[in-house]
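Notes to accompany the following structure.
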Amino acid sequence: MAQNSFYEEVIIAGFGGQGIILAGKLLAQIAMKAGKEVTFMPSYGAEMRGGTANSMVIIADCAIASPLVSRPDSAIIMNKASLNKFAPRIKNNGLLVMNSSLIDSEPDVDESIDILAVPADDIAVELGSQRSANMVAIGAYLQRRGLFSPDAAANSLPDVLAKRYHKTLPVNTEALRRGAEFAKKAKAKK
């Protein structure tokens, strides 16, 4: 990370209700607090819960010309439909974090891609909060990429969660930590 021109494009994708937009906001907030240049662009289907949703986040040391991400460096994919849509777009030598609780197929990606299959829903259910699967995936992504710590993510959570959801801060913090632990133990799969 001591590069002069750090530039990371990320797509987070799944269906409405999986916290995809929140995960993108959190990643953007963490980067802003770290003094990075950031863009965040959410997109969701008209159906909302159950429809498609994705967040495009760009984190850089320099000015960002456009918030659009067509060929991400990394993708965090929470369901099979999103895997089929976004995985083939990942740049060579990129990172794919996929929710193996809902995705049981091998992704169609270049062999240079680092694939991290995280049972995000299963881990979240163990914690007693299936809605925290997005935090498990973000924790795994942060650990594998080495950009920011799960603690930095936990410190940014109150900034992106509505006050009425602050009671979920402990379980979401634990979900971030558990995702990072999973990624630490998992070997790179190419």
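Relative contact order for region 7-185: 20 percent, from Cα pairs under 8 Å spaced at least 6 residues apart, divided by residue count. Among the lysines of region 7-185, pairs at least eight places apart or on separate chains and with Cα atoms under 20 Å apart come to 6. With a Förster radius of 22 Å applied to the C-beta separation of Tyr44 and Ala152, the computed FRET efficiency comes to 0.25. Extending 7 Å from Cα along the Cβ direction at Ala186 and again at Glu126 yields two label points whose distance is 1.2 nm. For the pair Asn92 and Asp108 in one chain, pulling the backbone fully straight at 0.36 nm per residue adds 4.5 nm over the alpha carbon distance.
Computed over the chain with a Gaussian network model linking Cα atoms closer than 10 Å, the most mobile of Val125, Val160, Val57 is Val125. Model label points for Arg71 and Asp159, set 7 angstrom from Cα along the Cα-to-Cβ axis, are 3.1 nm apart. For the chain, modelled as a GNM whose springs connect Cα atoms under 10 angstrom apart, the maximal fluctuation among Gln130, Gln143, Gln29 occurs at Gln130. Of the beta bridges in the chain, as assigned by DSSP with both residues counted there, near 55 percent are antiparallel.
Distance between the pseudo-spin-label points of Ile64 and Glu37 (7 Å out from Cα toward the beta carbon): 1.0 nm. For region 140-189, the set of trypsin sites (Lys or Arg not before Pro) satisfying both a DSSP loop assignment and a count of at most 10 other C-beta atoms within 10 Å is given as Lys187.
Every number in this text was worked out from the coordinates using simple rules, so none of it is lab data. No experiment lies behind these values; they were computed from the predicted model shown. As a convention, Cβ positions derive from the backbone with ideal geometry for all residues, glycine included, and neighbour counts pool all protein chains shown.
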